[in-house]
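The values are calculated or read from the model by the stated rules, or taken from the named source; none is laboratory data. Predicted model only: the values in this text are computed from it and were never measured. Glycine also receives a Cβ, built like all others from the backbone with ideal geometry; neighbour counts cover every protein chain displayed. In case anyone asks, the SASA skips ligands and DNA or RNA and just uses the protein heavy atoms, side chains included. Shrake-Rupley method; radii C 1.70, N 1.55, O 1.52, S 1.80 Å.
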Amino acid sequence: MVVSNIVQAVTHGLRQELARDKNVVVLGEDVGVNGGVFRATDGLQKEFGADRVIDTPLAELGIVGASIGLAVNGMKPVAEIQFSGFMYGPFDQLLSHAARVRMRSRGRFTCPLVVRTPYGAGIRALELHCESGESMFSNIAGLKMVVPSNPYDTKGLLAAAIRDPDPVIFYEPMRIYRAIKQDIPEKEYFVPIGKANVLQEGKDLTLIAWGAMVKVCQDALEKLNNKYSVQLIDLRTINPYDAETVLASVKKTGRCVIVHEAIRTCGFAAELIASINEKALLNLEAPVVRVTSPDVPLPFAKLENYFLPDVNRILKGIEKVMSF
Amino acid sequence: MPKKVLKDFEIEYLQVLDENGNCDEKLMPKLSNEEIKKIYEMIILIRVFDQKAFNMQRQGRLGTYIQFKGQEASQVGSAMALKDDDFVFPMYRSSGLLIARKHPIVQVLQYWNGDERGLKSPDNVNNFPISIPVGTHMIHSAGAAWAAKLRGTKQISISYFGDGATSKGDFHEAMNFAGVFNVPAVFLCENNQFAISVHRKDQTKSETIAQKAIAYGFEGIQVDGMDVFAVYKATKDAVDKARAGKGPTLIECVTYRMADHSTSDDASRYRTKEEVQAWQKKDPVERLEKYMRKKNLLDDAYKEKILKQSKETIEKAVTQFEKLEAPDPKDMFNYVFAEMTPQQKEEMEELLGK
Ligand SMILES: Cc1ncc(C[n+]2csc(CCOP(=O)(O)OP(=O)(O)O)c2C)c(N)n1
């Protein structure tokens, strides 16, 4: 066991995979000498050399495009995009190419690449660094989308992502990069992609979140002080999401609140609610409530806290559903 | 059939004022004594600003800040060659440029403290909001220059970017559009040797950034970016050429980022003190002072006066900045569309009440 926060869990996961498979390479801006702007690749270039932990030119489209080429020709690239705000340059590469390599080549070529990127607001970062775009990437068939919320899952999901035969976006919650410490195994383990995690059992209400919002939900539940019996689900994978766990819970509780920090319109809650409506409508005691950010560009630091879902808004959402 | 050489190229390097303040009078651009003093005063003002903003960040009085120390000559020298209604597309490291372009200092501070209101350009100058993504704004500059050409406004458009930005496809698309449509655009690269930790030599295999212009069919020039006269001259020439309908220019200002990349960075992880000290000798302020002393444009009294004045100006702005009222949370809804959507109205009410 080793005590680790989320950033360190990324480093452990990368180190494990670099050591295991010589075809794994880590590439991105400032990931080598500097060890990444968040130090997620700290020390790895020293350990594995500049051919395997690679400082690239400043070009996100280049990083992802080249990773596709590396992946189709036998390598296992783990690309870092410095902030999720810079994922839209390579969006074309992800959508038009990475997601379709298997389909268009009828399985002759595959694209086992991982793109890691820190996302999420709440740390007073510069504008355009922190948006939550998980539903945009989940609207691309052929890409998997993973969002861990704690160190244990981070290492386990990262290992699973690197071994996955298809492209995976690995969204790291920047806000809680260093906020949570856990004992995590030094030996290899996996957290499967596509499996949600029931963090707390409950029978009155289902509360669903992912990434940095899981911690905010936990804080809300602490404040709620067992007033209701809440089942807390950490979705962990956005695409393909774990409908089975979600539906089983909602069928049991009949009430549901979904929290995400992406804006409301076309946020991933919409997809979850549609699936609840399709498969568990008659089990519902109340309309599902979404606690999300409003439909505006993420404001600069000064107004960030008005934008993001917080404990009070989550409690308000819970009360709304419970008192329906 | 013998092989033929179809094209061969040369890239000019321009320096007017050397590190010791010696000036090549033949190359010296036409500048009155008053103009030279104005340039000097602006350079001192922004240097004082830069240090103050950094200190404030360290004291928790400002958010993340990005210093431009070492790049004052590139920013002021080029700004002085522009007209107010020319279009400027700055980057995050352009705070000095913005001040030289009449952006109120209070607002520059406001921006770095996470307040959108800081971005609003004064009505009488065309300063576009700074680009936070690296390099995505150069093509806007090409577009704005194109509009100037189509509308016959006589404006030119200039974008500022770093050496790292030249690796992006955006750079090449901007240069190509500018060349193809022969627009009045100037591309000003502040090659400060680093893109965070990545050294210029690892960014591109080209020996110079200036030479990249050749491939797009227009001129590129490399200048000593710590020599304010060289930067002024190169920009003025490029601007005059653009206004005369003779197309774009790429200017590579060779300079150095004397500070960390940002207040979140620690440059000692990737560069040595010796390297920084070597560049320190090229400092844009010192050589200008030496030159001005020789020309009797500067003595100790004047130097002190300007420093004192600059500090007062900055302190006044800081006081004003610290008295500003916090932005109204409704503000985040107000500028998204000309008219708020029904969804936004509902969300605003839900979040902030009626
Ligand atoms: C598209 C994009 N990618 C990455 C970043 C993160 N980042 C900010 S500045 C920077 C280095 C830029 O270097 P350069 O273009 O040389 O300009 P400098 O900062 O040195 O002035 C990086 C990688 C960003 N802001 N935008």
Margin query: Looking at the range B:325-343, can you tell me whether even one residue there is more than 12 Å from chain A (Cβ to nearest Cβ) and within 16 Å of the ligand (Cβ to nearest atom)?
Written below: no
Checklist line | Of all residues in the range A:240-270 being among the hydrophobic types (A, V, I, L, M, F, W, C) and out of contact with any helix residue (DSSP H, G or I) (no Cβ under 7 Å at 6 or more places or on another chain), the one that is surrounded by the most Cβ atoms within 10 Å (Cβ to Cβ) | finding: A:269
Notebook entry, point to check: Of all residues in the range B:51-88, how many are outside any helix (DSSP H, G or I), open to solvent by 10 Å² or more (accessible area, probe 1.4 Å) and within 16 Å of the ligand (Cβ to nearest atom)?
Noted result: 4
Next item on the list: Kindly provide the set of residues from the range A:21-53 that are within 16 Å of the ligand (Cβ to nearest atom), within 17 Å of residue B:203 (Cβ to Cβ) and surrounded by fewer than 21 Cβ atoms within 10 Å (Cβ to Cβ), ordered by number.
Entry: A:33
Notebook entry, point to check: So which of A:120, A:156, A:194, A:133 ends up being open to solvent by less than 30 Å² (accessible area, probe 1.4 Å), on the phi > 0 side of the Ramachandran plot, in contact (Cβ under 8 Å) with a residue 12 or more places away in the chain and out of contact with any Lys or Arg (no Cβ under 7 Å at 6 or more places or on another chain)?
Noted result: A:194
Check: Scanning for something buried (at least 24 other Cβ atoms within 10 Å of the Cβ), more than 14 Å from every other protein chain (Cβ to nearest Cβ), touching a Ser or Thr at 6+ places or on another chain (Cβ under 8 Å) and without any contact (Cβ under 8 Å) to a residue 60 or more places away in the chain, does the range A:72-93 turn up at least one residue?
Finding: yes
Item checked: Unmet requirement for residue B:275, which otherwise passes all of (1) on the phi < 0 side of the Ramachandran plot; (2) crowded, with 16+ Cβ neighbours inside 10 Å -> (2)
Check: Which residue pairs have Cβ atoms closer than 6 Å, lie 6 or more positions apart in sequence or on different chains, and pair a first residue in the range B:116-142 that is β-branched (Val, Ile, Thr) with a second residue that is modelled with pLDDT under 95 and surrounded by 17 or more Cβ atoms within 10 Å (Cβ to Cβ)?
Finding: B:132/A:126; B:132/A:127; B:132/A:128
Checklist line | From the options B:78, B:74, residue that is under 12 Å from the mean Cα position of the chain (by Cα) and closer than 27 Å to residue B:266 by Cα | finding: B:74
Next item on the list: Give the residue, chosen from B:125, B:106, that is modelled with pLDDT of 95 or more, over 17 Å from the mean Cα position of the chain (by Cα) and more than 14 Å from every other protein chain (Cβ to nearest Cβ).
Entry: B:106
Item checked: Among the candidates B:168, B:212, B:201, residue that is under 27 Å from residue A:89 (Cα atoms), within 16 Å of the ligand (Cβ to nearest atom) and either among the acidic types (Asp, Glu) or without any contact (Cβ under 8 Å) to a residue 24 or more places away in the chain (or both) -> B:201
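Residues are listed down the side, and each one gets a yes or a no for (1) of a type outside the set (Val, Ile, Thr); (2) touching a residue at least 40 places away in the same chain (Cβ under 8 Å):
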{"position": "B:302", "(1), (2)": "yes, no"}
{"position": "B:308", "(1), (2)": "yes, no"}
{"position": "B:313", "(1), (2)": "no, yes"}
{"position": "B:324", "(1), (2)": "yes, yes"}
{"position": "B:336", "(1), (2)": "no, no"}
{"position": "B:339", "(1), (2)": "yes, no"}
{"position": "B:344", "(1), (2)": "yes, no"}
{"position": "B:353", "(1), (2)": "yes, no"}
